[in-house]
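*Asks:* Sharing a structure, written as structure tokens. Questions coming.
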Amino acid sequence: MYLRLSLFLTLAAASCAADLTGNWLVSIPNSDGTARRTYLNLKQDGARITGTIRVTQFFYTISSSTGGPEAFTVVGSMKDGNTERRVTYEGKLVGDDELRVSTRRNVNSPPVEQTAHRAPTGEGALPARLPLPALHKVRDNGLVRTPPMGWNSWNKFAGRVNDEVVRGIADAMASNGMRDAGYVYINIDDTWEAERDAKGNIQSNKKFPDMKALADYVHSKGLKIGIYSSPGPNTCAGYEGSYGHEEQDAKTYAAWGIDYLKYDWCGARTLYTDDEMQALYQKMGDALLATGRPIVYSLCQYGRADVWTWGPDVGGNLWRTTGDIRDAWESMTRIGFSQNDLAPYATPGHWNDPDMLEIGNGNMTETEYKTHMSLWSILAAPLIAGNDLRNVPPAILEILTNRDVIAVNQDKEGRQGQRAWKSGDQEIWLRQLAGGDQAVAIFNRSAESANIAVKWADLGIKKVPASAKDLWAHSDVKLTGPDFSSTVPGHGVVLLRLGK
Ligand code: GLA
């Protein structure tokens, strides 16, 4: 009897030890004192594993599983707007306190091996969904009557941005002509955040020892400073978001001397649907206004839920219209040339944002970067440089600081240009400027040089313009009659300013 009982107990203990049930944490330290955390909250029920997987900003529910402690696979799934995201973890239990797992970024990438340990029950659980405010119109803050101009850390530095970089960029912008050409905002993007203190105040991480001092420094250079957060519990890079702390964070930003906020949907997708975005963006719009400090409000939710129809109502000054840009001709042109239908939504203080500039990041030619700058100027798009301005080749600086092109971008009437003509890879875009001038951009999207010939009438220009200036060649162009032709290099542009 004793033998049978002890055998039973041993077996029970063994099967208990070999159970996957538990809250498992993979914690990978970032060099800034924060950590990248993944929680696998598993429940093993015989041959079935259920539960959730939280990977930084994503929160998946396990939808299928196979295997057990010696070798298992779990697939998590979550709704993200109209699409479904999935993640797969394979793994095995080692001893009682170690879960070795591997996952892939996508089907073709190599597996990433990770080790998880047991974490307290409830840690990493998604916070409760807070009720949404009723919609109302947030008062216009009166800022950025022409498209904002400045610099943002993400395209070049991503997680490597820090206090020293920002100071260096401020020094450079104040002395290399960028500030004087109108680029005034220095925007710190994701990865500056640490966790909250005991009172719930957001703190900066080791990379930014003193945000107030940094803001003072940037201001002392005649520049302004911007910061980044998310309406969700986490940002895109998995750092602390403003969820449930909107007013508190807005006050902190104001106390630091922040002049611009980019507010990025990311982590909010785990709790809210796209239809609920407006209310969440409104919350922060109200909070920023309530601080009494002028803070530009930049909405970043990738152009979902027709943001251009409600962006101004939440106090937004600009709103991203697409997914992230890359430093590649294909990405830049796919985004830039797809903005035609949004033109009616741009008005002074409220801008469509086809994302930040990649000019100078090295993966496009100078000709292509001129096309980028011209297109963004025709589009009345924010001009937010994204390269390392501390060490910028003269040719790149010339592109970014071309005053004539900037004057098109900054035209005070703020009317966004549109496509006026297209033939294969050739496109001509027109922008109406104050005082009856017009900007005409003749784009050649093919790789070969082309002679592009049109009649002014084909562009809707009834009278032969009185004058034309080539804004890249810095020379006057002689107009001879109803026909116009121009030789445009492959992937290049001829940008003209026409006088009445
Ligand atoms: C998103 C945004 C980017 C950048 C990153 C930071 O992808 O669209 O512009 O802010 O997040 O994590």
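*Asks:* Quick one: which strands (runs of 3 or more DSSP E) lie wholly within the range 393-451 and hold at least 1 residues that are farther than 11 Å from SER377 by Cα and open to solvent by less than 30 Å² (accessible area, probe 1.4 Å)?
*Replies:* 426-432, 438-444
*Asks:* If you take the residues in the range 241-257 that are among the polar types (S, T, N, Q) and surrounded by 18 or more Cβ atoms within 10 Å (Cβ to Cβ), which one is farthest from the ligand (Cβ to nearest atom)? Give the derivation first.
*Replies:* Step one: filter the range 241-257 for residues among the polar types (S, T, N, Q), giving 242, 248, 252.
Narrowing further to those that are surrounded by 18 or more Cβ atoms within 10 Å (Cβ to Cβ): 242, 252.
Working: SER242: 14, THR252: 19 Å.
So, considering only residues that are among the polar types (S, T, N, Q) and surrounded by 18 or more Cβ atoms within 10 Å (Cβ to Cβ), the one farthest from the ligand (Cβ to nearest atom) is THR252.
*Asks:* Filter the range 139-184 down to residues that are within 16 Å of the ligand (Cβ to nearest atom), out of contact with any Asp or Glu (no Cβ under 7 Å at 6 or more places or on another chain) and open to solvent by 20 Å² or more (accessible area, probe 1.4 Å), then give me how many there are.
*Replies:* Number satisfying all stated conditions: 4.
*Asks:* If a residue must be closer than 30 Å to ASP275 by Cβ and open to solvent by 80 Å² or more (accessible area, probe 1.4 Å), how many such residues does the range 86-133 contain?
*Replies:* Our first condition is that a residue be closer than 30 Å to ASP275 by Cβ; within the range 86-133, this holds for 86-88, 105-106, 122, 124-133.
So of that shortlist, the ones also open to solvent by 80 Å² or more (accessible area, probe 1.4 Å) come out as 86, 105-106, 129, 131.
Of the residues in that region, 5 qualify.
*Asks:* Related question: Output the number of residues of the range 465-496 satisfying the condition of being modelled with pLDDT of 95 or more, assigned to a loop (DSSP other than H, G, I, E, B) and β-branched (Val, Ile, Thr).
*Replies:* Counting residues in the range 465-496 that are modelled with pLDDT of 95 or more, assigned to a loop (DSSP other than H, G, I, E, B) and β-branched (Val, Ile, Thr) gives 1.
*Asks:* Identify, please: which residue in the range 205-223 is away from the ligand (no atom under 16 Å from the Cβ) and farther than 30 Å from THR146 by Cα and is, among those, least open to solvent (accessible area, probe 1.4 Å)? Quick ask: steps written out before the conclusion?
*Replies:* So in the range 205-223, the residues away from the ligand (no atom under 16 Å from the Cβ) come out as 206, 209-223.
Remaining after also requiring farther than 30 Å from THR146 by Cα: 206, 209-210.
Details: LYS206: 151, PRO209: 105, ASP210: 76 Å².
Once the filter is applied, the top-ranked residue is ASP210.
*Asks:* Of GLY232, GLY226, GLY238, GLY267, which residue is open to solvent by less than 10 Å² (accessible area, probe 1.4 Å), assigned to a loop (DSSP other than H, G, I, E, B) and either at pLDDT below 95 or within 13 Å of the ligand (Cβ to nearest atom) (or both)?
*Replies:* GLY232
*Asks:* Here are some conditions: (1) within 16 Å of the ligand (Cβ to nearest atom); (2) under 26 Å from GLU276 (Cβ atoms); (3) crowded, with 19+ Cβ neighbours inside 10 Å. ALA385 meets all but one. Which one does it not meet?
*Replies:* Condition (2) is where ALA385 drops out.
*Asks:* Here's something else I'd like to know. Of the conditions (1) of a type outside the set (A, V, I, L, M, F, W, C); (2) closer than 19 Å to ILE378 by Cβ; (3) touching a residue at least 40 places away in the same chain (Cβ under 8 Å), GLY490 fails just one. Which one is it?
*Replies:* Here GLY490 meets the rest and fails (2).
*Asks:* Search the range 291-326 for residues being of a type outside the set (A, V, I, L, M, F, W, C) and in a helix (DSSP H, G or I), and hand back the single one that is nearest to the ligand (Cβ to nearest atom).
*Replies:* The first filter runs over the range 291-326 and keeps only residues of a type outside the set (A, V, I, L, M, F, W, C), leaving 291-294, 297-298, 301-304, 306, 309, 311-313, 315-317, 320-324, 326.
This time we only want the ones that are in a helix (DSSP H, G or I), so: 291, 304, 306, 309, 312-313.
Details: THR291: 22, ARG304: 12, ASP306: 18, THR309: 20, PRO312: 21, ASP313: 22 Å.
Among those that are of a type outside the set (A, V, I, L, M, F, W, C) and in a helix (DSSP H, G or I), it is ARG304.
*Asks:* Moving on. Taking the condition within 15 Å of the ligand (Cβ to nearest atom), within 18 Å of the chain's Cα centre (by Cα), open to solvent by 10 Å² or more (accessible area, probe 1.4 Å) and not β-branched (Val, Ile, Thr), does ARG334 pass? Walk me through it before giving the result.
*Replies:* Values: within 15 Å of the ligand (Cβ to nearest atom): no; within 18 Å of the chain's Cα centre (by Cα): yes; open to solvent by 10 Å² or more (accessible area, probe 1.4 Å): yes; not β-branched (Val, Ile, Thr): yes.
Answer is no for this residue.
*Asks:* What number of residues within the range 241-259 are out of contact with any helix residue (DSSP H, G or I) (no Cβ under 8 Å at 6 or more places or on another chain) and assigned to a helix (DSSP H, G or I)?
*Replies:* Result for the range 241-259: 2.
*Asks:* I'm told LEU342 meets every condition in (1) in contact with a Ser or Thr (Cβ under 7 Å, 6 or more places away or on another chain); (2) under 28 Å from ALA170 (Cβ atoms); (3) among the hydrophobic types (A, V, I, L, M, F, W, C) except one. Can you identify the failing condition by its number?
*Replies:* (2)
*Asks:* Only one of GLU358, GLU398 is charged (D, E, K, R) and away from the ligand (no atom under 16 Å from the Cβ); which? Step through it out loud before you land on a result.
*Replies:* On the way: GLU358 fails: away from the ligand (no atom under 16 Å from the Cβ).
Exactly one of GLU358, GLU398 is charged (D, E, K, R) and away from the ligand (no atom under 16 Å from the Cβ), namely GLU398.
*Asks:* THR367 is checked against (1) assigned to a helix (DSSP H, G or I); (2) within 16 Å of the ligand (Cβ to nearest atom); (3) β-branched (Val, Ile, Thr) and fails just one. What number does that condition carry?
*Replies:* THR367 satisfies all of (1) assigned to a helix (DSSP H, G or I); (2) within 16 Å of the ligand (Cβ to nearest atom); (3) β-branched (Val, Ile, Thr) except (2).
*Asks:* Using beta carbons and a limit of 7 Å, which pairs, at least six apart or on different chains, have the first residue in the range 270-290 and under 21 Å from HIS350 (Cβ atoms) and in a helix (DSSP H, G or I) and the second one of a type in the set (S, T, N, Q) and open to solvent by 10 Å² or more (accessible area, probe 1.4 Å)?
*Replies:* Sorted first by the residue in the range 270-290, then by its partner, the pairs are LEU289/ASN141.
*Asks:* Shifting gears a bit: Against the conditions (1) over 13 Å from ALA441 (Cβ atoms); (2) open to solvent by 10 Å² or more (accessible area, probe 1.4 Å), where does LYS370 fall short? Just the number, please.
*Replies:* So the condition that LYS370 fails would be (1).
The values are calculated or read from the model by the stated rules, or taken from the named source; none is laboratory data. The structure presented is a predicted model; accordingly, all values stated were derived computationally and were not measured. A quick note on method: Cβ atoms are made from the backbone with ideal geometry, for glycine too, and the neighbour counts reach across all protein chains shown. Quick note on the areas: whole protein, heavy atoms, side chains included, nothing else; ligands and nucleic acids left out. Shrake-Rupley method; radii C 1.70, N 1.55, O 1.52, S 1.80 Å.
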